[in-house]
């Protein structure tokens with residue numbers, strides 16, 4: 001009995017998941033010896049993030065922030081095929 005296998009290697013690309021909104025967060029990094037560290041609530045509206053920064057600046061005089069953006073992405077085949085990633089036995093992806 002002969003066993004034959006066909007190996008197909010598919011190139012994937014990252015695509016932003018349009019069903020999930022990006023999330024924004026800001027951390028106050030104003031400070032000489034150490035950062036203030038005040039952190040905004042995580043939000044999906046960049047205007048709300050700006051409002052938090054302005055409020056924090058008015059209350060403290062701090063004017064330096066580090067913004068973080070979290071996005072959900074999906075891996076999709078470049079050629080548009082329906083090929084799926086099959087896990088290896090060790091739990092990784094092939």
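The values are calculated or read from the model by the stated rules, or taken from the named source; none is laboratory data. Every value quoted in this text rests on a predicted model; they were computed, and no experiment measured them. Cβ: placed from backbone, ideal geometry, glycine included. Neighbour counts: every protein chain shown.
A few notes on this one:
- For the stretch 42-68, the set of residues classified as without any contact (Cβ under 8 Å) to a residue 12 or more places away in the chain and under 10 Å from residue 25 (Cβ atoms) is empty.
- Conditions (1) assigned to a loop (DSSP other than H, G, I, E, B); (2) within 20 Å of the chain's Cα centre (by Cα); (3) modelled with pLDDT under 95; number of the one not met by residue 14: (1)
- In the stretch 9-62, the residues that are surrounded by 10 or more Cβ atoms within 10 Å (Cβ to Cβ) and at positive phi: 31, 37
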